[in-house]
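Participant: Questions regarding the structure given below will be posed in turn.
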Amino acid sequence: MATSEKKAVVLLSGGLDSATVLAIAKSAGYDCYALSLDYGQRHAAELNAARNIAAHFQVKQHQVVKLDLRQFGGSALTDDAIAVPEEETSDIPVTYVPARNTIFLSLALAWAETLDARDIFVGVNAVDYSGYPDCRPEYIESFEKMANLATKAGVEGDRFSIQAPLIKLTKAEIIQTGSKLGVDYALTVSCYQADDSGAACGKCDSCRLRKQGFADAGVPDPTKYNQ
């Protein structure tokens, strides 16, 4: 893949979507700086996956920033007293982490300004998703506007762009795109309650979306399930 002086910060959770976004940024010629957050999530498997994906794509640098959202709780992902649901719901599920994407994008923005990077890539999706309010196009547009109001670079006219290339794609389309760009989905972990080895439960909302995505894409599912 081509390299250039174009720099991008890519939020990399270790899941299917963020791995695909990293591949898209690389294929577009960006020098990629991957940012992962150790925010007190239920398991370390996704962070291990993020490290493996970052190495696979030979990113320029991979930062893992620790912050403890367990101090606030309010989500099944940051509070062990709240069970991860295994039933579908029409409401915003308890796996929603309050303000998570706003916190993550703010950290990515800070690093991007330090790196003199003007593009931030994030794997949010508004089609096959769980109804999270911070995965919608209007949210991304609003954050980009804020980023250019709240930074020295933005005020001086060196504007930031929040890139969300998956936002209008189905999960199947995301998988097909990533497969063409060399994503090894066996490296990724999407499950909300994976075990220490990264094996998925196969029951949570994220697992259901992932399973259906591979089926719809006609791509073999490389996910390791613990059942």
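Participant: Look at Ala76 and say whether it is among the aliphatic types (A, V, I, L, M) and touching a residue at least 24 places away in the same chain (Cβ under 8 Å).
Facilitator: yes
Participant: Then there's this: Give me a count of the residues in segment 9-23 that are buried (at least 24 other Cβ atoms within 10 Å of the Cβ), part of a loop (DSSP other than H, G, I, E, B) and on the phi < 0 side of the Ramachandran plot.
Facilitator: Of the residues in that region, 2 qualify.
Participant: Would you confirm whether or not segment 33-49 contains a residue that is free of Cβ contacts under 8 Å to residues at least 40 places away in the same chain and crowded, with 23+ Cβ neighbours inside 10 Å? I'd like the intermediate steps shown before the answer.
Facilitator: Going residue by residue through segment 33-49, those that are free of Cβ contacts under 8 Å to residues at least 40 places away in the same chain are 34, 36, 38, 40-41, 47.
From the residues that got through so far, the ones that are crowded, with 23+ Cβ neighbours inside 10 Å too are 34, 36.
Yes, some residue in segment 33-49 is free of Cβ contacts under 8 Å to residues at least 40 places away in the same chain and crowded, with 23+ Cβ neighbours inside 10 Å.
Participant: Take the residues in segment 79-114 that are polar (S, T, N, Q) and part of a loop (DSSP other than H, G, I, E, B), then tell me which one is nearest to Ile140 (Cα to Cα).
Facilitator: Thr95
Yes/no matrix, rows are residues, columns are (1) over 21 Å from Lys168 (Cβ atoms); (2) modelled with pLDDT of 90 or more; (3) among the aromatic types (Phe, Trp, Tyr):
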| position | (1), (2), (3) |
| --- | --- |
| Thr89 | yes, no, no |
| Pro93 | yes, no, no |
| Pro98 | yes, yes, no |
| Asn101 | no, yes, no |
| Thr114 | yes, yes, no |
| Ala117 | yes, yes, no |
| Gly123 | no, yes, no |
| Tyr129 | no, no, yes |
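Participant: Let me ask something else. Mind listing whichever residues of segment 54-85 are farther than 23 Å from Cys204 by Cα, crowded, with 17+ Cβ neighbours inside 10 Å and among the aliphatic types (A, V, I, L, M)?
Facilitator: The answer is Ala54, Val59.
Participant: When the residues of segment 1-31 are narrowed to those that are more than 9 Å from the chain's Cα centre (by Cα) and acidic (Asp, Glu), which ends up modelled with the lowest pLDDT?
Facilitator: Of everything passing the filter in segment 1-31, Glu5 is modelled with the lowest pLDDT.
Participant: Moving on to the next point. Quick check on my filter: what residues within segment 165-190 are of a type in the set (S, T, N, Q) and closer than 12 Å to Leu16 by Cα?
Facilitator: Gln176, Thr177, Ser179, Thr188, Ser190
Participant: A further question follows. In segment 24-38, how many residues are within 24 Å of Ser179 (Cβ to Cβ), among the charged types (D, E, K, R) and assigned to a strand (DSSP E or B)?
Facilitator: Selection size over segment 24-38: 1.
Participant: So which residues in segment 115-157 are among the aromatic types (Phe, Trp, Tyr) and either in contact with a strand residue (DSSP E or B) (Cβ under 9 Å, 6 or more places away or on another chain) or not in a loop (DSSP other than H, G, I, E, B) (or both)?
Facilitator: First pass over segment 115-157, keeping only residues among the aromatic types (Phe, Trp, Tyr): 121, 129, 132, 139, 143.
Result: Phe121, Tyr139, Phe143.
Participant: Could you check, for segment 186-206, whether at least one of its residues is in contact with a Ser or Thr (Cβ under 6 Å, 6 or more places away or on another chain), touching a residue at least 12 places away in the same chain (Cβ under 8 Å) and among the aromatic types (Phe, Trp, Tyr)?
Facilitator: Checking segment 186-206: at least one residue is in contact with a Ser or Thr (Cβ under 6 Å, 6 or more places away or on another chain), touching a residue at least 12 places away in the same chain (Cβ under 8 Å) and among the aromatic types (Phe, Trp, Tyr).
Participant: Also: Residues that are surrounded by fewer than 22 Cβ atoms within 10 Å (Cβ to Cβ), in a helix (DSSP H, G or I) and of a type in the set (S, T, N, Q): does segment 186-195 have at least one?
Facilitator: No, because not a single residue in segment 186-195 is surrounded by fewer than 22 Cβ atoms within 10 Å (Cβ to Cβ), in a helix (DSSP H, G or I) and of a type in the set (S, T, N, Q).
The values are calculated or read from the model by the stated rules, or taken from the named source; none is laboratory data. Computed from a predicted model, the values in this text were never measured in an experiment. Because the Cβ atoms are built from the backbone with ideal geometry, glycine has one as well, and the counts that use them run over all protein chains shown.
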